[in-house]
Each structure stands twice: as structure tokens, then as C-alpha cells.
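Below is one structure, written out as C-alpha cells; comments come after it.
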Amino acid sequence: MAIASKEFIIKAMSENIINAKKKLSQNFLINEEVVLKTVDELSQNNVVEIGPGIGSLSEEILKRNKVLYAYEIDKTLIPLLKKQFSFYPSFHLIEGDFLKQDFSYDFPISVVSNLPYSLTSPILEKILLSDNDIKEVVIMVQKEFYLRIKQTKGKDYGPLNILISLLGKLDNVINVSRNNFLPVPNVDSTVIKITILNSLEFDKKDFYRFLNSLFLMRRKTLSNNLSSYLKSKEKAFKILEKVSLDPSSRCETLSKEDFVKLYKEIKDYNFSTKTI
């Protein structure tokens with residue numbers, strides 16, 4: 001009986017082996033097809049899984065003879081995971097909050113997760129801003145989150161959209177109705193894949209801080225936000241003129257290329273002023 005089956009989940013819940021914790025956004029997947037399609041997208045032998053839960057994805061990953069590094073925060077699930085997968089020498093369990101754990105590997109990896117929806121952005125940011133050689137990130141997210149991060153302009157457009165589009169390609173793997181979980185959540189989900197195709201030619205962490213500063217006050221003009229970031233209105237207008245960007249425009253109207261051009265000009269400007 002597969003872990004991602006209705007029979008397994010109902011039996012485990014009735015025997016109090018597992019309980020869905022609301023504070024951890026736990027809902028147990030009962031659709032094996034979703035598991036298979038998700039794991040099919042993982043190209044690497046070494047896989048990092050964030051939040052294995054009761055092991056629905058873990059089971060299929062290990063069956064395919066992959067090496068699995070699984071981060072689990074829920075202490076009550078640790079004994080269950082150890083019991084189910086301890087006979088796999090390729091199973092490595094890291095206990096604790098992924099956001100507080102070391103995330104550094106010296107070999108290529110695939111990353112997979114059914115993310116807790118309240119922590120999707122910070123976890124995805126930690127993954128994408130790491131220095132790991134990540135080939136793809138395959139994660140289940142709330143459907144509305146996917147609809148937001150695929151935007152290239154407008155009110156839902158922001159730093160994470162830009163970072164993803166610069167690093168690679170975003171695809172929708174499979175839509176997952178809320179009826180594929182127990183207990184049934186009040187949202188639908190989507191499994192997305194971010195294929196990493198590019199390494200940025202500048203410090204992506206510093207660039208991401210720059211993006212967050214510009215998007216901090218979304219309704220303000222580009223010149224206002226840039227002036228705050230540079231702590232100089234004069235410098236902001238000079239740089240905007242140099243890169244031919246309208247000072248009265250707003251960040252949500254700029255392309256990813258505009259942000260790269262602006263960031264590079266700022267770095268060049270700072271370097272040249274320091275060396276004069």
C-alpha cells in the first residue's frame with residue numbers, strides 16, 4: 001500500500017499514527033499520480049526534500065535508488081520516517097527547521113517539496129539564493145502563489161518573480177485539486193518546476209536585497225525608491241538618466257532586464273566614485 005493512498009492515510013489517522021497539524025499546514029496527499037509526476041521531474045541522483053511529512057515523496061524517491069537528504073521540522077514524524085526508511089542506506093534525515101539548518105552541498109542536487117504554504121516564499125528564497133549546484137526545484141504550492149510568481153508585470157510582480165525568471169524557467173507540472181488531500185484544505189495546489197539554466201554574473205543575494213528595497217514601497221515612483229536605496233536623490237536621477245529609465249515609472253512596470261541594467265549601473269557608479 002503506497003503512502004500517498006487514501007487507504008494508508010485513513011488507517012494511519014484512525015490508529016493515531018499521524019495527525020494533521022494545522023499550525024504546520026499539514027494535509028496528507030492521497031493521489032499516487034501526483035507523487036509519480038513530481039518525482040519524474042527530478043533529474044539528479046542526489047535529492048534534497050524539504051518537509052517529507054509522512055514520506056509520500058520520499059518513498060518513491062528512494063524506490064528509484066536516489067540518495068535523499070530530507071529536512072523535517074515535526075518531531076512527532078521523525079520516528080515514523082526512521083521506521084519506514086531506515087533500511088535505505090541512501091536515506092539521510094536532517095531534523096529541524098530547514099530555514100535554520102545548513103543548506104550546502106558540494107555536488108549537483110534536485111530539490112523537491114510539498115511546501116507549507118505559509119512559508120513558501122522564505123523557503124524558496126533560501127533555495128534559490130544558495131550557492132548549491134541546483135538543477136531544478138520541484139515544489140507543490142498554493143495555486144494562487146503560482147499565478148502570482150509567473151507574472152512579468154503588474155501588482156503581483158515582485159523580486160521573487162524576477163529572480164526566478166533570471167535563473168531559469170518556470171513550468172506548471174500538474175494541477176492538484178484540494179480533494180486530493182486529507183483533511184481537505186480550502187485551497188487548490190499546483191506542482192511547479194523551476195529549471196535552473198543560468199548563473200548570474202553578479203552577487204544574487206545583494207541583487208535580491210536591491211530588488212526588495214525598490215519594491216518596498218510599491219506605489220512610490222522608481223526615483224523615490226531608488227533615492228531611498230542610494231540615500232541620494234541626485235545620484236538616483238543621474239543613474240536613471242544613464243540607463244534611460246523614466247524616473248516617474250513604478251517598479252511593477254519594469255522588465256527583468258531593466259533591473260539588471262539598473263543594478264549594474266549602480267555598482268559601476270559606486271566603484272567609479274570610490275576610485276576617483
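Taking the stretch 96-128 as the range and being of a type in the set (Asp, Glu) and crowded, with 17+ Cβ neighbours inside 10 Å as the test, only 125 passes.
The residue pairs whose first member lies in the stretch 66-95 and is buried (at least 18 other Cβ atoms within 10 Å of the Cβ) and among the β-branched types (Val, Ile, Thr), whose second member is at pLDDT 95 or above and assigned to a helix (DSSP H, G or I), and whose beta carbons are closer than 8 Å, counting only pairs six or more residues apart or on different chains, are 73/98.
If we scan the stretch 44-54, do we find a residue that is in a strand (DSSP E or B), of a type in the set (S, T, N, Q) and more than 18 Å from residue 115 (Cβ to Cβ)? Within the stretch 44-54 (the criterion being in a strand (DSSP E or B), of a type in the set (S, T, N, Q) and more than 18 Å from residue 115 (Cβ to Cβ)), the answer is yes, since at least one residue qualifies. Listed by first and then second residue, the pairs linking a residue in the stretch 101-112 that is within 10 Å of residue 137 (Cβ to Cβ) and in the same structural domain as residue 43 (by TED's automatic domain parsing) to a residue that is assigned to a loop (DSSP other than H, G, I, E, B) and among the hydrophobic types (A, V, I, L, M, F, W, C), with Cβ atoms under 9 Å apart and 6 or more places separating them unless they lie on different chains, are 110/42; 111/42; 112/42. Any residue in the stretch 107-120 that is part of a helix (DSSP H, G or I) and of a type in the set (Gly, Ala, Ser)? So far as the stretch 107-120 goes, yes, one or more of its residues are part of a helix (DSSP H, G or I) and of a type in the set (Gly, Ala, Ser).
Taking the stretch 51-68 as the range and being more than 10 Å from residue 85 (Cβ to Cβ), over 17 Å from the mean Cα position of the chain (by Cα) and of a type outside the set (A, V, I, L, M, F, W, C) as the test, the residues that pass are 53, 56, 60, 63, 64, 65, 66. A single entry from 46, 27, 19 fulfils the requirement of being assigned by TED's automatic domain parsing to the domain that holds residue 182, touching a strand residue (DSSP E or B) at 6+ places or on another chain (Cβ under 6 Å) and modelled with pLDDT under 95: 27. Across the stretch 195-208, a minimum of one residue is classified as touching a helix residue (DSSP H, G or I) at 6+ places or on another chain (Cβ under 6 Å), assigned to a strand (DSSP E or B) and closer than 25 Å to residue 49 by Cβ. Of all the criteria given as (1) more than 21 Å from the chain's Cα centre (by Cα); (2) farther than 14 Å from residue 50 by Cβ, the one not satisfied by residue 81 is (2).
The values are calculated or read from the model by the stated rules, or taken from the named source; none is laboratory data. If you're wondering where the values come from, they're calculated on a predicted model, not measured in any experiment. Here Cβ is always computed from backbone atoms with ideal geometry, including for glycine, and neighbour counts include all displayed protein chains.
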